[in-house]
Amino acid sequence: MNRSRDRLRAAGMALTCLTLVLATSCAPPLGRPSKSVLRVAETTAPTTLDPQGSGIFNDRFAWQLSYQCLLTTTADGSVRPELATRYRKSADGLHYTFSLRPGVRFHNGEPLTSSDVVYTFDRLRHSPDGIDDQMFPTLADTVAVDDHTVRFDLRKPDAGFTNNMANPLVWGCAILSKRAGESENLAANMVGTGPWAQKSYRANSELDLDRFDGYWGERTKTPRLTVLYVPNPSTQVSNLQAGQVDLIFPDASGVDSLRGDGRVAVERAPTDSTIFMQINNMTKPFDDIRVRTALALALDRDRLARQAYRGATRPSGYLPPSAEWAPKPGQLPHSAPDIRKARQLLAEAGYPNGFATSLMYISGYDVGTDDLVAAIQSQLAEVGIRARLDPLERGAWGDRLSAADYALSWNAQSYYSNPYQYVQPAEGRQGPVPRALRQELDTAMHATSDAEYRRALVAVEKEEARTVYPTLTLLATDMFVAYDKSLTGVSVPPSQSRTFLAQVRHG
């Protein structure tokens, strides 16, 4: 579902254990945690530990513990140095030259050099999910200038290039050790430069990591991190209450179960994951801007946020709420619900009595999605748009979306470090990009400064909201973190990156 938008970011590929404590075939019995070990429960085990081997969002939660990129993005959206100390961009925007941080070593003891960076991006070209095309579509070549300087050559200007190079989820930009890549199985063994070094991994069960004493930056607050893969959310809650894990990421039901437990802290963390409606403007009546505008005016984001996902969402524009430089949802064209105006537009378009259509979504994806599509159906009915709900299996949903075989579709996307990707149309899922929008997109790509880039992206967002094309973003989701109150340093960023775990310690 990430807006590459032609691949469903499916989760749930982990094996299922009935209970973590008793199911010894899945994991050994847990003892009371030591203060030298931070134990975290995750719902979905990674399908691979190779950071170039998968497009599944949840896989990245393991990768980011050990791998890093040349740059990173902070919680406020600022790009900061990581494995590179600085970079310079050529006047024509076609060349980016990075200076590597001195003294960085991989977990195998090898020093970081430009040959590792070149190896990383050459290898990325063979990613099975086409990560290179999604994240670096303009990249032509990676060149080692010297041992500590590397140059990226682009085919055309791309103002978001450094944003993609700064993904805190290490999506597409994780720097690999050339020696490890050529001699080890990266699908089972992470060899990065991060603060945690992999100690062992039992597939679908447990990932153990130790503090990397050779780390170039600030050392982890806890000597050891154990990630336990527990598919059953209620089991995670039970284990947290029993003191057998220290921290979990519960769903809304788990939050309810933890209310009143004085030993556990529960916090709500806003994220930059958004939920939107895909609109196929190649099919009637959505080829008519008046109909798409009526659709937008029929939907009340505030009501949807209250009615779906048990209130764990916020209204969102195309650019997520953490982009403080972007307009608020209510400041965008057609963002305020107006039933009378919507009906008037439908009548002008030749549908005085409304029309029937369909809204597809993933069946059983989660309770919140089921509630959301029902709420959307109800709101559309108020203006005469009779939307039949069309629940589909994941694969069928993804196939129909990619083939543009739909009228309306629920969709969702996770975090992007490059805000351009929140507004970028997905080729093939709707009609050709209108000329005015294409001009705004091109202006953004050719921006020469961060301020200019942001202004251009705001113009893109406003044009998409004005034309209700190619999507209609509705909500941004929240997540929850629950942990033993003895822990300090728990702070989940909008990206949902687990790198914050390096700062967590037992009190």
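The values are calculated or read from the model by the stated rules, or taken from the named source; none is laboratory data. On a predicted model such as this, the values are computed, not experimentally measured, just so you know. Ideal geometry is used to build each Cβ from the backbone, glycine not excepted, and the neighbour counts take in all protein chains shown. What goes into the accessible areas is simple: the full protein's heavy atoms, side chains included, and nothing from ligands, DNA or RNA. Shrake-Rupley method; radii C 1.70, N 1.55, O 1.52, S 1.80 Å.
Some points to look at:
- Among (1) outside any helix (DSSP H, G or I); (2) open to solvent by 20 Å² or more (accessible area, probe 1.4 Å) - the single one THR142 does not satisfy: (2)
- Residues considered: ARG303, ARG292. Of these, the only one that is surrounded by fewer than 20 Cβ atoms within 10 Å (Cβ to Cβ), within 20 Å of ALA374 (Cα to Cα) and either within 30 Å of the chain's Cα centre (by Cα) or not charged (D, E, K, R) (or both) is ARG303.
- Residue count for the stretch 100-117, restricted to those that are open to solvent by less than 40 Å² (accessible area, probe 1.4 Å) and without any contact (Cβ under 8 Å) to a residue 60 or more places away in the chain: 4.
- Only listed residue being within 19 Å of PRO168 (Cα to Cα), of a type in the set (S, T, N, Q), over 21 Å from the mean Cα position of the chain (by Cα) and outside any helix (DSSP H, G or I), chosen from THR72, THR85: THR85
- THR193 hydroxyl-bearing (Ser, Thr, Tyr), closer than 25 Å to GLY262 by Cα and touching a residue at least 24 places away in the same chain (Cβ under 8 Å): no
- Of the residues making up the stretch 326-360, those that are part of a helix (DSSP H, G or I), over 30 Å from TYR453 (Cα atoms) and either modelled with pLDDT under 95 or open to solvent by 20 Å² or more (accessible area, probe 1.4 Å) (or both) number 7.
- Counted residues, the stretch 104-113 - those being under 16 Å from ASP146 (Cβ atoms) and assigned to a loop (DSSP other than H, G, I, E, B): 3
- Of the residues making up the stretch 209-256, those that are under 24 Å from the mean Cα position of the chain (by Cα) and under 30 Å from GLY109 (Cβ atoms) are LEU209, LEU225, THR226, VAL227, LEU228, TYR229.
Yes/no matrix, rows are residues, columns are (1) under 26 Å from ARG314 (Cβ atoms); (2) surrounded by 15 or more Cβ atoms within 10 Å (Cβ to Cβ); (3) touching a strand residue (DSSP E or B) at 6+ places or on another chain (Cβ under 7 Å):
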position	(1), (2), (3)
ILE385	yes, yes, yes
ASP405	no, no, no
PRO425	yes, yes, no
VAL433	no, yes, no
ARG438	no, no, no
ALA444	yes, yes, no
SER449	no, no, no
LEU457	yes, yes, no
VAL468	yes, yes, yes
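- Residues (open to solvent by 10 Å² or more (accessible area, probe 1.4 Å), touching a helix residue (DSSP H, G or I) at 6+ places or on another chain (Cβ under 9 Å) and either under 16 Å from LYS178 (Cβ atoms) or assigned to a helix (DSSP H, G or I) (or both)) located in the stretch 53-67: PHE61
- Inter-residue pairs, beta-carbon under 6 Å, first on the phi < 0 side of the Ramachandran plot and in the stretch 240-255, second open to solvent by less than 10 Å² (accessible area, probe 1.4 Å) and of a type outside the set (A, V, I, L, M, F, W, C), 6+ apart: VAL245/ASN239; ILE248/GLN236
- For the stretch 162-279, the helices (runs of 4 or more DSSP H) that sit wholly inside it and include 1 or more residues that are charged (D, E, K, R) and surrounded by 17 or more Cβ atoms within 10 Å (Cβ to Cβ) are 178-183.
- Looking only at the stretch 27-57, and only at residues there that are hydroxyl-bearing (Ser, Thr, Tyr) and under 30 Å from GLY507 (Cβ atoms), the one that is modelled with the lowest pLDDT: SER34
- The stretch 361-404 - residue that is aliphatic (A, V, I, L, M), without any contact (Cβ under 8 Å) to a residue 40 or more places away in the chain and outside any helix (DSSP H, G or I) and, of those, nearest to ARG310 (Cα to Cα): LEU389
- Members of the stretch 267-289 found to be among the acidic types (Asp, Glu) and more than 27 Å from the chain's Cα centre (by Cα), listed by number: ASP287, ASP288
- When ARG151 is tested against (1) of a type in the set (D, E, K, R); (2) in a helix (DSSP H, G or I); (3) crowded, with 18+ Cβ neighbours inside 10 Å, just one condition goes unmet, and that condition is (2).
- Subset tally (residues that are among the small types (Gly, Ala, Ser) and surrounded by 22 or more Cβ atoms within 10 Å (Cβ to Cβ)) for the stretch 308-325: 3
- Single unsatisfied condition, THR85 versus (1) closer than 26 Å to PHE61 by Cα; (2) β-branched (Val, Ile, Thr); (3) surrounded by 15 or more Cβ atoms within 10 Å (Cβ to Cβ): (3)
- Count of residues meeting criterion [out of contact with any strand residue (DSSP E or B) (no Cβ under 9 Å at 6 or more places or on another chain) and hydrophobic (A, V, I, L, M, F, W, C)] in the stretch 289-338: 6
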